[in-house]
1. Can you name every residue in region 1-33 that is among the β-branched types (Val, Ile, Thr) and modelled with pLDDT of 80 or more?
2. Consider region 155-173. How many of its residues are under 13 Å from the mean Cα position of the chain (by Cα) and either hydroxyl-bearing (Ser, Thr, Tyr) or within 18 Å of Glu92 (Cα to Cα) (or both)?
3. With the requirement that a residue be small (Gly, Ala, Ser) and within 23 Å of Gln172 (Cβ to Cβ), what does region 83-97 give you?
4. Which numbered condition trips up Thr152, out of (1) surrounded by fewer than 23 Cβ atoms within 10 Å (Cβ to Cβ); (2) of a type outside the set (Lys, Arg); (3) within 15 Å of the chain's Cα centre (by Cα); (4) farther than 18 Å from Ile28 by Cα?
5. Which ranges mark the helices (runs of 4 or more DSSP H) fully within region 1-118 that have 3 or more residues being outside the structural domain of Leu174 (by TED's automatic domain parsing) and either more than 14 Å from the chain's Cα centre (by Cα) or within 16 Å of Ile167 (Cβ to Cβ) (or both)?
6. If I ask for residues that are part of a loop (DSSP other than H, G, I, E, B) and in contact (Cβ under 8 Å) with a residue 40 or more places away in the chain, which ones from region 119-131 would you list?
7. If we keep just the residues of region 137-180 that are in a loop (DSSP other than H, G, I, E, B) and without any contact (Cβ under 8 Å) to a residue 24 or more places away in the chain, which is nearest to Glu57 (Cα to Cα)?
Amino acid sequence: MKATGIVRRIDDLGRVVIPKEIRRTMRIREGDPLEIYTNSEGEVIFKKYSAVSEMSENAGYVADIMHKIAGCPVVVFDKDRVVASAGLPRKELADHRVSSQLEELMENRGQFFCPDGSTNSFYPADGSERTAISAVPIITAGDVSGAVAFMTNEKYREVTDLQKSLINASAQFLARQIEG
C-alpha cells in the first residue's frame, strides 16, 4: 500500500472526501460503487467494486464459447480493465486498461461495428495493437458494468451479421448473470 500524504477528516455525517487527484488517477467517477475492507491493524481500505470482475470465471466461459462460435478473439471488460479473453495469448491483453475509445463508447451506451476492415481504428484496450471488429456495453439495471469486444484476426477484419447477433447476445447474457 502506498501513502499519499493526504489527510482528510470525517464530517458529522460520517463522510470522507476522496481527493480529486486520486479519483482521477484511479478512474473513480460519481456513482461508482466502492467496496470497504478492514484489517486487524485498523486499516480501512476502499476498493472499486466490479460485478463483472466478481464473475470473471463465468465471463471466461462466455468468452470461450463466443470465440468458438464467432471464430474471432473475444475480450470481456469491466469498466476499467480486461476481465477475461479467449482466442488470444494469455499475456497479450491480461490486465490491460480500457482505452479512452471504449470508455467513451460505454459512457454513451453506444455500439461499435466495423463495416470495413481497412479503415478500422477502434482500439478497446490501452497498449494493444489489436483493433476490435465490434464492441457492445454490458448494461445491468440501467448502468454500464463493462463491455464485450470481438477482436480482429487473420480471418476477420470486419464484423459479420452473425457476429453482431452473438456479441449482443453475450453482453445481454453477462448482464443477466450479474443481475442474478
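The values are calculated or read from the model by the stated rules, or taken from the named source; none is laboratory data. Computed from a predicted model, the values in this text were never measured in an experiment. Neighbour counts are summed over all protein chains in view; Cβ atoms, including those assigned to glycine, are modelled from backbone coordinates with ideal geometry.
1. Ile6, Val7, Ile10, Val16, Val17, Ile18, Ile22, Thr25, Ile28
2. So in region 155-173, the residues under 13 Å from the mean Cα position of the chain (by Cα) come out as 171.
Filter once more, keeping what is either hydroxyl-bearing (Ser, Thr, Tyr) or within 18 Å of Glu92 (Cα to Cα) (or both): none.
The total comes to 0.
3. Once the filter is applied, which keeps residues that are small (Gly, Ala, Ser) and within 23 Å of Gln172 (Cβ to Cβ), region 83-97 yields Ala84, Ser85, Ala86, Gly87.
4. Answer for Thr152: the failing condition is (3).
5. Values: elements: 20-25, 51-54, 56-70, 90-93, 100-107.
Correct list: 20-25.
6. Keep residues of region 119-131 that are part of a loop (DSSP other than H, G, I, E, B), which gives 120-124, 126-131.
If the condition is that a residue be part of a loop (DSSP other than H, G, I, E, B) and in contact (Cβ under 8 Å) with a residue 40 or more places away in the chain, then Pro124, Arg130 are the ones that fit.
7. The extreme case among them is Gly180.
For every residue, the table says whether it meets (1) surrounded by fewer than 16 Cβ atoms within 10 Å (Cβ to Cβ); (2) small (Gly, Ala, Ser); (3) more than 20 Å from Gln172 (Cα to Cα); (4) in contact (Cβ under 8 Å) with a residue 24 or more places away in the chain.
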| site | (1), (2), (3), (4) |
| --- | --- |
| Lys47 | yes, no, yes, no |
| Ala59 | no, yes, no, yes |
| Ala70 | no, yes, no, yes |
| Phe77 | no, no, no, yes |
| Arg81 | no, no, no, no |
| Ser99 | no, yes, yes, yes |
